[in-house]
1. For residue A:177, which of the numbered conditions (1) within 27 Å of the chain's Cα centre (by Cα); (2) more than 24 Å from residue A:319 (Cα to Cα) fails to hold?
2. Given the criterion within 30 Å of residue A:83 (Cβ to Cβ), touching a helix residue (DSSP H, G or I) at 6+ places or on another chain (Cβ under 9 Å) and buried (at least 19 other Cβ atoms within 10 Å of the Cβ), identify the matching residue among B:221, B:203.
3. Hey, among A:88, A:114, which residue is within 9 Å of chain B (Cβ to nearest Cβ) and closer than 30 Å to residue B:107 by Cβ?
4. Limited to region A:353-377, what total is found for residues that are within 8 Å of chain B (Cβ to nearest Cβ) and either loosely packed, with under 12 Cβ neighbours inside 10 Å or without any contact (Cβ under 8 Å) to a residue 40 or more places away in the chain (or both)?
5. Across region A:270-305, what is the number of residues that are among the hydrophobic types (A, V, I, L, M, F, W, C), more than 11 Å from chain B (Cβ to nearest Cβ) and part of a helix (DSSP H, G or I)?
6. When you go through A:155, A:166 one by one, which is the residue that is at pLDDT 90 or above, within 30 Å of residue A:230 (Cβ to Cβ) and polar (S, T, N, Q)?
7. Filter region A:100-156 down to the residues that are of a type in the set (Ser, Thr, Tyr) and part of a helix (DSSP H, G or I), then identify the one that is nearest to residue A:318 (Cα to Cα).
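The values are calculated or read from the model by the stated rules, or taken from the named source; none is laboratory data. The structure presented is a predicted model; accordingly, all values stated were derived computationally and were not measured. So basically every Cβ, Gly included, is an ideal-geometry build from the backbone, and we count neighbours across all protein chains shown.
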Amino acid sequence: MSLATEPERRQTPPDAPEPGPSGVGTNLVRIGVSLVVPVLALVGLWWSGTVLLDKDANRAVVVAAALVIGVLGVFGLYWGMDWLINKLPERMRARVRPFAFVGPAIVILALFLLYPTINTILLSFQDARGEMWIGFDNYVNLFSRDDTLIALRNSLGWVIVVPLFSVVIGLGFAMLSDRLGRKSEALSKTFIFMPMAISFVGASIVWRFIYNFRPEGFGEQIGLLNGFWTAIGNEPVAWLLQEPWNNFYLMMILVWLQTGFAMVILSAAIKSVPEEIVEAARIDGATEFKVFTRVVIPSIMSTIVVVATTVIITVWKVFDIVFVMTGGRFGTSVVAEKMVTEFFTFRNSGVGAALAVVLLVAVIPLMIANVKRFREQEETR
Amino acid sequence: MTATTAPTQVSDRPSFWARLTDRWLVKLVILLIVIVWVIPTIGVLISSFRPAGLVNANGWWTVFTDFANNRWTFENYSTVLASEGFGNAFLNSLAVTIPSTVIPITIAAFAAYAFAWMEFPGRQWIFVSVVALLVVPLQMALIPLLSIYVDVGLNQTFPAVWLAHTGFGLPLAIYLLRNYIGSLPSSLMESAHIDGATHFEIFTKLVVPLSVPVLASFAIFQFLWVWNDLLVALVFLGGNPDVQVVTLALRDLNGSRGEAWHLLTAGAFITMALPLLVFLTLQRYFVRGLTAGSVKG
C-alpha cells in the first residue's frame, strides 16, 4: 500500500456536509438509495433470468441478450442512482451519494456471502434436511466416520505435499532461470507458468490421459506414463487404483498447475535481493550454493511464506481434480469434494454444511492475520 | 548445483571448465523441467487432431517415430462442438463469464472509490469486514444460496451465476481497487472538486481512466477464474444442458465417454483455448492480478 495518501491531507469535497446530526429524512433517503435501488436491480435480474430460461429461443440470441442485460444493466444502475441523487435538495446530495456508491456492494456482500455463511454455520447444527436442531451430531459423525476421516487425512496430505513440491520446484527453477539470458529466461518461465491458465477440469483430463491404463493384452498403452513404464520392461500399472499412492498422483496435477505461480512470485523476490549483499558473500568466498542457502533464501523468506500460504489455501479447497479423476473413490476423497458429494449425492445438508465449516475454520487464522495487517498498514498510512 | 563442479579452494574463481559445465548443467536442468511441464499439453493437442482409430491404437508419441502412419483430422472437433454440445457450451461460457467479470468490477470500483475518497459513517469497519470476507471459502455460500435460488425460481439461470460470482469476487476486487484508487494523488481530487466536478464525474472521467492497469489485472484474473470454474457452475447450472458451460460439458463428456480420448482431448482443448489465448497475450497483467488475488476464497 502506498504511503502517498495520508488521511489528514485528504481534501473534503467542497459540498461536504457540515459535521453534525443528520436529519431523519436524510437517513431515510440514505437507506432508500443503498437498499431499494439494488433490490430493484436484483428483481430486474431475476425477471430477466426467467425470461432467458425460455427453451425455444435461439441460443445465440439468448446469449447476446444475457450479455446486454448483464453488462449494460450494472452501468445503468449507477447512472440511474446518480440521476436520482441529482434530483435531491442540494444539502442532502453529499450525504446520500456515498451510499449510492457503496450500497450495491454492501447489499451483494450481505446477501451472497455474509448471510449464506451464517446460514451454513446454522445448518451444520441441523439434521440432513435442515429441519431439526441436533447440536454437534454432524461434527461427531464427521470425525468418527471412516470415509470422512479418510477425506480429512487426504486433505492434510494435499496441504503438505503440494505446497512443498510447488515451492521447492518453483524456487529452484526461479534460481536457475535467473542465470539464463533475458529472452530464454522469459520463454522458459512462460512454459512453466502456462498451466495456470488451464482449468482444473481441463488439467484433470490432461492427466487422466497420462495415467491411462490398459491391462496387458488389451492393446498398446496410450497413456504416456504406462507407455514409458512398459517400454523399460515393466508390467502396466493402474496408477489411479494404487492406494494410497493414487493420492500422490492426483497431487502432482495440482503441483503442475501451481508451480508456475510460486516460480513467478519467487523469481521477482530473488531479483529484488540487493546485488551488493550477494556480491559481498561471493567475495568472502562463499560458493554459489552457500550464497543461495545462506543469503538469498533468508532474504526472501517472507515471500516464501506468502507463496506457501497462498498455495495452501488453494489446495485446501481443491474439489475439481478429485471429483473428475476418481469421484473420490479408491481412498482419494478430500474435504471439499466430500462436501459436494454429501450435499448433492446424499442430500445431507447438515454434514455438507459441517464440512464447509471445517474448511472455514482452518482459514480463520489467516482472516485474523489479514485484518491485523490491514490495520497496521492503515496506522502507518 | 555447483557443489560437484566448484573447485575445492573456494576463494579461487571457478575455472573456465567449471563455469562452462555449470552453465550447461543449468540449461540442461531447465530444459528438462520445461519438457516435463509442456509434454502433458502437447500430448492432448496432438491426440485431438488424430483419428479415433489411431488414438486408440497407439500412443500419441508414435507420431514422432512412425511417420508413415500419421493421419490428421478435424473430425474430433466437429463432433465435440456439434453433437457433444461444446459449441453451445462455449457460447454459454461467454454469457456467464463476461457479465461475471464486468459486474463485480463495476460495483467494486464504485465502492472502492467511496472507501478511499468519500466520508460516510461506518466507512472503516465496513471495509475491515470486506478484508475479513476475503478468505471465506465459497463452499460456505453454496447450500443456502441454492435454496434461495430454488425458492425464487432463479436456479439454472445465468443471473444466478453472475450474482454468485459477483458475491465471491467482490471482496478481492474492492480490496485491490481501493488500495490502488486510494493511492492516487489527493491534489488531483482537490483540483477536480474546485473545478466543480461531482464525485460521479470525478469517478468516471478521472479515476477510471487512471485505474486501467489494476482494472485490467482484476478483469483477467476474474475472467480466468470464472471461465475455469466448475463448482459454482455445477451447483447453480448443473443438470440443465441448455445452460451448461464448457467445464460442465467436459466433465459430462468425461463421465459418459471416459475412454473416448479423441473426443476428450478435443473437448479439453476447446475449454483451454480461450484462457490460454488471454494468458499468452496479457501475461503481464495476469501476473499482477494473480499476485494480488491469490488469497481469494
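1. Here residue A:177 clears every test but (1).
2. Exactly one residue qualifies, and that residue is B:203.
3. Result: A:114 is the single residue among A:88, A:114 that is within 9 Å of chain B (Cβ to nearest Cβ) and closer than 30 Å to residue B:107 by Cβ.
4. Selection size over region A:353-377: 5.
5. 11
6. Being at pLDDT 90 or above, within 30 Å of residue A:230 (Cβ to Cβ) and polar (S, T, N, Q) holds for just one of A:155, A:166, which is A:166.
7. Within region A:100-156, the subset of a type in the set (Ser, Thr, Tyr) is A:115, A:117, A:120, A:124, A:139, A:144, A:148, A:155.
Checking which are part of a helix (DSSP H, G or I) leaves us with A:115, A:117, A:120, A:139, A:148, A:155.
Working: A:115: 24, A:117: 19, A:120: 19, A:139: 21, A:148: 15, A:155: 9 Å.
Selected residue: A:155.
Quick grid of which residues meet (1) touching a Lys or Arg at 6+ places or on another chain (Cβ under 7 Å); (2) crowded, with 22+ Cβ neighbours inside 10 Å; (3) outside the structural domain of residue A:307 (by TED's automatic domain parsing); (4) more than 20 Å from residue A:161 (Cα to Cα):
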position: A:184; (1), (2), (3), (4): no, no, no, yes
position: A:195; (1), (2), (3), (4): no, yes, no, no
position: A:201; (1), (2), (3), (4): yes, yes, no, yes
position: A:212; (1), (2), (3), (4): no, no, no, yes
position: A:217; (1), (2), (3), (4): no, no, no, yes
position: A:230; (1), (2), (3), (4): no, no, no, yes
position: A:269; (1), (2), (3), (4): no, no, no, yes
